[in-house]
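Here is the structure we will look at.
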Amino acid sequence: MALLRCFLCLATVSSHGAIPTSQSWQSDCISIGPEEGFADGTSGHLEETIQVKLLQVETKLGRTSDDVALPSPPPLPPPKRQSLTLSILEQAEHHFVPIFTSILLPHAFAFCVAQFLVRRHRGKQAEFLKEASEEDNSPRSFSYIISRVAPMWAIHALSIFAYGASSPSLDYMYLNSFAQRYSSSSHVDCSSQMESSACTQAVMDVMQLKIAKGFAHPVIQFCTGPALGAISDAFGRRPAVLCIRVALLLPTVAAAAVAWFDLSIWLDFAVQFIGMVPYEPIPIAWYMDRIDHTPSLVIATSMVESSCILASILGSLFGSMLSLQSAMLLGMLGKMTCLLLAIFCLPESLPEEKRVKFTWSSLFPTAALRVLFQSPLVEKLTALGIFDSFHYTGFYTLANQFLQQRLAWSRHETYVNGMLEQASQMLWLTVGVVTLWPHLGQVGIIAASTAAAVVSNLALMMSTERWQVNLNSFLLRGTLSMSNCVIIGICGKAASPEKQGMLQSAMGLVVQVSSALGPPAFLT
């Protein structure tokens, strides 16, 4: 019977899924000894004793279960309350500082420089801003302006048209050449088969060539730009213009030969470096020689720039309808026509009595850069041009990335927005300059265009819809082009005619360098 009692205790404990400790086991099971169960010889007392012991075991097992309450974690310390001033400063740093550094600060600097143009600086007065009479302050007739600038205007517009017609096809000519390496076919047309694997692999090869040309471009500009300016000041504008026209013609001849006669693409790549000479400073100096009147020069510059934008649009549209070979041929014929116009129709603008004596030392870039420090006015114009170009290229490079990330800007929308921007430039260069000149004058146009550029950039950063970006591009993106025309007009009085070539070349050089530094500075 003692063994039976122990077995009952063990079965009860096992049914609860736990084994009591040694002390509880001894007190519950061993205490039910034989002398206790058979003292009176009755079984009723035995049953009561077993029930009592079982209740004690159940009570102890319930106390030793896994449902013991865990200690509660210590309370967290109360959060530190941030002052209202510190919270406002953090919000301003997060939202306002990027807009201030990328938009407000650069334009404020440009606005201050524009205002300093009418103040004394180092004891000198900017007297060129004060016209002698009301008649001198108004532009001359359009017939007079057109008659003075017509030859160079025609060359400039035709050259831009030929470039717009042939330049987009040049990339596909390189793609076709490199794609033949990755394809078993003897002829690959990437303009219509861009989704093929051969054309996709050729994109990286073309990109490497563009990187090499990008490194060579500023070096060639640095070496040839000031030299062309010195040659134009010593021997006249026509020899320098002819050199530029020949340099721009040779790459188009090589491209047409490669497209028509299936020559090596490396022939065109080698000749492309010749066409990297600066082509704008000498024509600008020619315009200044021909129009010795600041308001008329500003109007003439705006007319030329707006017509060249239109020529670029028409050239791109016309070139898109031609085959690759026809587009390359059209580019060559356009550049050749420009050279013939320069030879037979372009008059000399700088008389011999206004030319300087040629020296070999003037061919070095440092000689031209010294011209930028010849007067306080030229220093201000240089600072204005450098900072404006640095901010313009840097900001709009960042703006393209901003539009792609925030508004999912597509390739088609980029083309549409570019067309609207060009239309805005044409509108402000023609209607804007003519309308605002009598009321604002030179410095007023610079200040107004700078303020409009600030509004345009702020509106661009706060745009949430695509139509807002397009409307902003059409209405305000072209305002900054008015400032460039006025600066060209001021430069006409900032230096003597015999130094205009070197001045324009040096300013073009530093502006281009600052434009190249803008995108990496803003993207970092």
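Can you tell me which of G385, G418 is assigned to a helix (DSSP H, G or I), closer than 17 Å to S473 by Cα and out of contact with any strand residue (DSSP E or B) (no Cβ under 9 Å at 6 or more places or on another chain)? Only one candidate qualifies: G418.
For (1) surrounded by fewer than 19 Cβ atoms within 10 Å (Cβ to Cβ); (2) at pLDDT 90 or above, each residue gets a yes or a no:
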{"position": "P239", "(1), (2)": "yes, yes"}
{"position": "R245", "(1), (2)": "no, yes"}
{"position": "P251", "(1), (2)": "no, yes"}
{"position": "A255", "(1), (2)": "no, yes"}
{"position": "W260", "(1), (2)": "yes, yes"}
{"position": "L317", "(1), (2)": "yes, no"}
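Residues checked against (1) touching a Leu at 6+ places or on another chain (Cβ under 8 Å); (2) in contact (Cβ under 8 Å) with a residue 24 or more places away in the chain:
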site: A367; (1), (2): no, yes
site: E379; (1), (2): yes, no
site: A383; (1), (2): no, yes
site: S389; (1), (2): no, yes
site: L398; (1), (2): yes, yes
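Just one residue in the set L339, L314, L322, L297 is assigned by TED's automatic domain parsing to the domain that holds H156, within 22 Å of A247 (Cβ to Cβ) and either in contact (Cβ under 8 Å) with a residue 40 or more places away in the chain or of a type outside the set (A, V, I, L, M) (or both); that residue is L339.
I'm trying to understand the selection: among the residues of the range 159-170, which are modelled with pLDDT of 85 or more and either surrounded by fewer than 19 Cβ atoms within 10 Å (Cβ to Cβ) or assigned by TED's automatic domain parsing to the domain that holds L440 (or both)?
Of the residues in the range 159-170, the ones modelled with pLDDT of 85 or more are 159-167, 169-170.
Answer for the range 159-170, where residues must be modelled with pLDDT of 85 or more and either surrounded by fewer than 19 Cβ atoms within 10 Å (Cβ to Cβ) or assigned by TED's automatic domain parsing to the domain that holds L440 (or both): just S167.
Residues are listed down the side, and each one gets a yes or a no for (1) within 26 Å of the chain's Cα centre (by Cα); (2) farther than 19 Å from L322 by Cβ:
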| residue | (1), (2) |
| --- | --- |
| I160 | yes, no |
| S167 | yes, no |
| R181 | no, yes |
| Q193 | no, no |
| V206 | yes, yes |
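Among residues of the range 466-489 being surrounded by fewer than 17 Cβ atoms within 10 Å (Cβ to Cβ) and free of Cβ contacts under 8 Å to residues at least 40 places away in the same chain, the one that is farthest from F395 (Cα to Cα) is W467. Somewhere in the range 374-389, is a residue in the same structural domain as S449 (by TED's automatic domain parsing) and aromatic (F, W, Y)? For the range 374-389, residues in the same structural domain as S449 (by TED's automatic domain parsing) and aromatic (F, W, Y): present.
Here's the yes/no breakdown for (1) over 30 Å from W467 (Cα atoms); (2) surrounded by 15 or more Cβ atoms within 10 Å (Cβ to Cβ); (3) modelled with pLDDT of 80 or more:
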| residue | (1), (2), (3) |
| --- | --- |
| I343 | yes, no, yes |
| L350 | yes, yes, yes |
| F358 | yes, no, yes |
| T366 | yes, no, no |
| I386 | yes, yes, yes |
| H391 | no, yes, no |
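The set of residues in the range 188-243 being closer than 25 Å to H156 by Cβ and not in a helix (DSSP H, G or I) consists of G236 alone. Which of the residues spanning the range 262-286 are out of contact with any Ser or Thr (no Cβ under 7 Å at 6 or more places or on another chain) and either modelled with pLDDT of 95 or more or under 23 Å from Q325 (Cβ atoms) (or both)? Hits for the range 262-286 are D262, L263, S264, W266, L267, D268, F269, A270, V271, Q272, I274, G275.
The values are calculated or read from the model by the stated rules, or taken from the named source; none is laboratory data. It should be emphasised that the depicted structure is a prediction, and the values quoted were computed from it without experimental measurement. Because the Cβ atoms are built from the backbone with ideal geometry, glycine has one as well, and the counts that use them run over all protein chains shown.
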